[in-house]
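Below is one structure, written out as structure tokens; comments come after it.
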Number of protein chains: 2
Amino acid sequence: MAANVPDPSRILSIQSHVVSGYVGNRSATFPLQLLGWDVDVTNTVQFSNHTGYGRWGGLRFDAEHLQDIFDGLDKNGLLRYSRMLTGYMPSAAVVQTVLSLVKKLRAREGGEEGGLIYLLDPVMGDMGRGMYVAPEVLPIYQEMLQYSTIITPNQFEAQALTGIDIVDLVSLKKVILTLHKKHKVPHVIITSVELPDADLAAIGAQKTLADGRPAMLQVGSSCEIHLEAGERQEPNLEEENLQVWSIQFPEVQGYFSGVGDMFAALTLGRFHREGQMASQANGATKDLTPIAKASELAIASLQGILSNTCKVIDQIEKDLPDSTGKDEAQEKVDRMRRRELRVVQSKKEIESPMIVYRARWIGS
Amino acid sequence: MAANVPDPSRILSIQSHVVSGYVGNRSATFPLQLLGWDVDVTNTVQFSNHTGYGRWGGLRFDAEHLQDIFDGLDKNGLLRYSRMLTGYMPSAAVVQTVLSLVKKLRAREGGEEGGLIYLLDPVMGDMGRGMYVAPEVLPIYQEMLQYSTIITPNQFEAQALTGIDIVDLVSLKKVILTLHKKHKVPHVIITSVELPDADLAAIGAQKTLADGRPAMLQVGSSCEIHLEAGERQEPNLEEENLQVWSIQFPEVQGYFSGVGDMFAALTLGRFHREGQMASQANGATKDLTPIAKASELAIASLQGILSNTCKVIDQIEKDLPDSTGKDEAQEKVDRMRRRELRVVQSKKEIESPMIVYRARWIGS
């Protein structure tokens with residue numbers, strides 16, 4: 001047993017790798033390392049750059065390669081992680097391999113208490129593009145949910161996982177309740193959600209921030225899940241007991257790749273389980289949950305990184321070759337390059353973010 | 001042409017990747033990122049852990065995969081590096097692919113001035129273990145030398161590259177001269193070298209440091225190489241004009257993997273070309289060369305990291321399962337785990353190293 005005691009500083013991160021640019025593990029690793037985590041990095045692909053460029057070279061790794069990696073770690077007693085992070089996986093077979101790994105790690109735990117903190121980012125698609133992974137991936141992610149600690153779907157992914165469309169506050173709560181009750185997920189963050197104006201007003205949220213910029217809305221909820229004989233039990237939770245928090249923060253114009261991956265990484269790196277259910281143990285105080293605090297810090301770091309990225313976009317544009325006569329593909333490449341996150345230039349924002357956007361209880 | 005102007009903050013690093021532990025790119029990347037470099041990371045293998053453990057899982061990537069990566073970068077105008085670092089490569093075919101890449105990058109340069117700074121660490125073997133790569137690799141590295149800016153062979157590798165055994169100060173100088181003259185390498189560092197006692201005394205070096213610890217000896221030398229029509233010319237240099245510096249620093253007992261990889265990375269990250277030949281332009285001052293200054297900083301960081309690593313070895317030993325009845329293979333695994341470099345825990349030592357061990361001119 002001693003050999004399986006989790007090492008308190010080690011995170012296993014399973015995501016894609018690009019040689020150039022910052023998505024997947026390239027977006028997650030440096031920030032987590034900067035926060036002091038020993039990140040074990042399993043790459044699910046090796047591409048020259050992210051596929052948004054339109055042109056790239058490289059390989060998706062198959063499930064056998066990843067299984068071989070996990071077996072190698074296991075043989076050396078290295079599968080002793082206190083935390084785990086998964087993002088984009090290139091095939092249903094790879095997701096299945098990771099599911100087997102998580103099941104094995106959970107089976108080795110005596111109980112949930114002090115066990116692996118697994119942040120599952122169920123990367124499948126978004127509202128703009130729809131599903132961009134094979135449909136066979138969905139049921140495997142649905143099975144994986146009961147082994148996760150924290151999930152960070154966007155609206156599209158939360159809808160896909162539960163089969164419920166989020167069209168208003170009622171359906172949003174139904175989605176969260178389903179993730180807690182049916183899928184037994186302790187901590188849910190829906191990273192961005194759109195609600196009708198009336199529902200925004202009802203929860204005290206705005207369409208635009210004080211400075212006039214369009215506002216994004218993130219919501220989250222936690223729920224204690226009990227174990228019996230190592231199995232998660234369906235929590236005794238009804239809609240009226242749900243405690244949902246929200247954070248609003250500025251929408252950054254245009255699309256930056258790797259933002260979701262970095263949010264998931266920072267949230268996991270900033271999460272402290274201690275006092276996790278304080279707000280529910282003592283309803284009167286309504287303190288923020290640890291996951292809401294982690295999200296505040298993650299959003300603060302990300303806003304800083306995005307701000308650094310936007311600041312240099314103009315400069316990079318000046319340095320780029322004249323675009324006259326460039327074809328459409330080259331324009332796209334240049335646009336993608338300009339929008340790569342300024343990660344190594346943002347040490348301060350990662351280590352000591354300034355929290356501007358605060359979480360608050362919905363309806364409070 | 002503008003599209004090929006090197007980006008001043010970008011390093012391409014081509015090395016091995018391990019999921020757990022710190023060798024190859026895993027040893028090089030975080031320190032370089034911490035120093036502010038945008039490191040583009042090309043992995044030549046993905047293993048669960050380094051092979052010193054005796055057991056591992058994973059793959060060596062083939063030359064086609066790497067060529068595909070380089071082609072992908074090129075198509076997107078991303079092959080615009082100001083610096084490049086190569087370490088262990090898993091096959092002669094991969095070394096050949098990297099040679100083609102370097103030739104292409106050099107061919108695109110107008111001249112050496114302001115061109116790519118390429119640190120080639122010709123990882124082939126060491127004095128203890130001999131050659132641990134395929135012998136076909138050697139002639140490809142020999143051809144690669146003329147495209148490098150800095151090389152960091154150990155004694156075994158310097159001997160293999162030149163075909164000259166280092167048995168005394170005379171043969172050491174012959175090796176360095178051969179690397180400068182025949183192979184046209186501007187900056188040579190032989191990372192550790194053993195000399196007879198009399199020769200050590202002759203250059204003012206010690207077998208042991210003031211505190212009684214055994215001393216390692218590193219030597220280096222720089223030489224201006226001129227270009228004609230893009231081709232490096234053999235420098236007009238004789239043994240008596242060689243200016244060799246040395247640094248002595250404590251030998252850390254036992255073997256730590258990834259130290260050579262990190263030394264190479266830190267040396268490249270700390271190297272500033274400005275004023276590079278000051279000492280030769282103004283012989284009287286005999287200021288240290290930029291490469292000697294870079295090595296001082298790299299050694300200072302490494303000594304700090306090794307010290308942090310040794311400090312926790314005792315603690316880790318306590319936490320490890322009782323070794324009674326463990327087999328030899330398990331003992332080896334545990335030993336390797338204890339000796340993984342404490343990289344993310346050594347931010348201070350990487351960012352602000354304290355220089356204790358100074359370079360000095362040999363014979364001065």
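The values are calculated or read from the model by the stated rules, or taken from the named source; none is laboratory data. If you're wondering where the values come from, they're calculated on a predicted model, not measured in any experiment. As a convention, Cβ positions derive from the backbone with ideal geometry for all residues, glycine included, and neighbour counts pool all protein chains shown. Each accessible area value is taken on the protein alone, full model and side chains, heavy atoms only, with ligands, DNA and RNA left out. Shrake-Rupley method; radii C 1.70, N 1.55, O 1.52, S 1.80 Å.
State the number of residues belonging to region B:48-57 that are closer than 19 Å to B:Val94 by Cβ and within 7 Å of chain A (Cβ to nearest Cβ).
Step one: filter region B:48-57 for residues closer than 19 Å to B:Val94 by Cβ, giving B:50-51, B:56.
Okay, now just the ones that are also within 7 Å of chain A (Cβ to nearest Cβ), so B:56.
The qualifying residues number 1.
Evaluate the following for A:Gln33: is it among the polar types (S, T, N, Q), in contact with a Phe, Trp or Tyr (Cβ under 8 Å, 6 or more places away or on another chain) and either surrounded by fewer than 24 Cβ atoms within 10 Å (Cβ to Cβ) or at the interface with chain B (Cβ under 7 Å from one of its Cβ atoms) (or both)? So A:Gln33 passes the test.
If I filter region B:13-28 for residues that are modelled with pLDDT under 95 and basic (Lys, Arg), do I get at least one hit? Spell out how you get there, then give the answer.
As a first pass, look at region B:13-28 and keep what is modelled with pLDDT under 95: none.
The answer is no; no qualifying residue exists.
Considering only residues in region B:74-83 that are of a type outside the set (Gly, Ala, Ser) and in a strand (DSSP E or B), the one that is farthest from A:Asp334 (Cα to Cα) turns out to be B:Arg83. For region B:84-115, the tally of residues that are part of a loop (DSSP other than H, G, I, E, B) and either open to solvent by 30 Å² or more (accessible area, probe 1.4 Å) or modelled with pLDDT under 95 (or both) stands at 11.
Okay, residues lined up against (1) more than 9 Å from chain B (Cβ to nearest Cβ); (2) closer than 18 Å to B:Asn25 by Cα; (3) of a type in the set (Lys, Arg):
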{"site": "A:Pro6", "(1), (2), (3)": "yes, no, no"}
{"site": "A:Gln15", "(1), (2), (3)": "yes, yes, no"}
{"site": "A:Val45", "(1), (2), (3)": "yes, yes, no"}
{"site": "A:Arg106", "(1), (2), (3)": "yes, no, yes"}
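For region A:165-187, residues that are crowded, with 16+ Cβ neighbours inside 10 Å and either in contact with a helix residue (DSSP H, G or I) (Cβ under 6 Å, 6 or more places away or on another chain) or of a type in the set (Phe, Trp, Tyr) (or both) total 10.
Cβ-Cβ contacts under 7 Å between residues 6 or more apart (or on different chains), taken from a first residue in region B:326-348 that is facing another protein chain (nearest Cβ under 9 Å) to a second residue that is buried (at least 16 other Cβ atoms within 10 Å of the Cβ) and of a type in the set (Asp, Glu), are listed as B:Val344/A:Asp38.
Taken over region A:242-265, the residue count meeting the criterion of being at pLDDT 90 or above and out of contact with any helix residue (DSSP H, G or I) (no Cβ under 8 Å at 6 or more places or on another chain) is 3.
Flag: B:Arg60 matches the condition of being more than 9 Å from chain A (Cβ to nearest Cβ) and more than 24 Å from A:Gly36 (Cβ to Cβ). Taken over region B:167-212, the criterion of being within 15 Å of B:Ile247 (Cα to Cα) and in a loop (DSSP other than H, G, I, E, B) is satisfied by B:Thr191, B:Ser192, B:Val193, B:Glu194, B:Leu195, B:Ile203, B:Gly204, B:Ala205, B:Gln206, B:Lys207, B:Leu209, B:Ala210.
Inside region B:54-73, can you point out the residues that are assigned to a helix (DSSP H, G or I), in contact with a Ser or Thr (Cβ under 6 Å, 6 or more places away or on another chain) and surrounded by fewer than 22 Cβ atoms within 10 Å (Cβ to Cβ)?
Initially, region B:54-73 is screened for residues assigned to a helix (DSSP H, G or I), giving B:63-73.
Subsequent filtering for residues that are in contact with a Ser or Thr (Cβ under 6 Å, 6 or more places away or on another chain) retains B:63, B:66-67, B:69, B:72-73.
Hits for region B:54-73 are B:Ala63, B:Gln67.
Against the definition (within 17 Å of B:Ser13 (Cα to Cα) and either modelled with pLDDT under 95 or within 21 Å of the chain's Cα centre (by Cα) (or both)), how does B:Gly125 come out, yes or no? Against the criterion (within 17 Å of B:Ser13 (Cα to Cα) and either modelled with pLDDT under 95 or within 21 Å of the chain's Cα centre (by Cα) (or both)), B:Gly125 does not qualify. For A:Leu66, the criteria (1) modelled with pLDDT under 95; (2) more than 8 Å from every other protein chain (Cβ to nearest Cβ) hold in every case but one, which is (1). When the residues of region A:117-155 are narrowed to those that are open to solvent by less than 10 Å² (accessible area, probe 1.4 Å) and either part of a loop (DSSP other than H, G, I, E, B) or hydroxyl-bearing (Ser, Thr, Tyr) (or both), which ends up farthest from A:Thr44 (Cα to Cα)? Here the residue is A:Thr149.
Between B:Glu296, B:Glu274, B:Glu340, B:Glu317, which is acidic (Asp, Glu), modelled with pLDDT under 90 and either assigned to a helix (DSSP H, G or I) or open to solvent by less than 50 Å² (accessible area, probe 1.4 Å) (or both)? Lay out the reasoning, then the answer.
Numbers: B:Glu296 fails: modelled with pLDDT under 90; B:Glu274 fails: either assigned to a helix (DSSP H, G or I) or open to solvent by less than 50 Å² (accessible area, probe 1.4 Å) (or both); B:Glu340 fails: modelled with pLDDT under 90.
None of the others qualify; the one that does is B:Glu317.
Remark: A:Tyr88 falls outside the filter, which requires a residue to be among the hydroxyl-bearing types (Ser, Thr, Tyr), under 17 Å from A:Gly230 (Cβ atoms) and more than 14 Å from chain B (Cβ to nearest Cβ).
Which members of region A:207-256 meet the condition of being open to solvent by less than 20 Å² (accessible area, probe 1.4 Å) and under 30 Å from A:Val333 (Cβ atoms)? The answer is A:Pro250, A:Phe256. Taking the numbered list (1) open to solvent by 10 Å² or more (accessible area, probe 1.4 Å); (2) facing chain A (nearest Cβ under 7 Å); (3) assigned to a strand (DSSP E or B); (4) over 26 Å from A:Arg80 (Cβ atoms) in turn, B:Asp40 passes all entries but (1). Every listed requirement among (1) surrounded by fewer than 20 Cβ atoms within 10 Å (Cβ to Cβ); (2) aliphatic (A, V, I, L, M); (3) in contact with a helix residue (DSSP H, G or I) (Cβ under 7 Å, 6 or more places away or on another chain) is met by A:Ile190 save one, (1).
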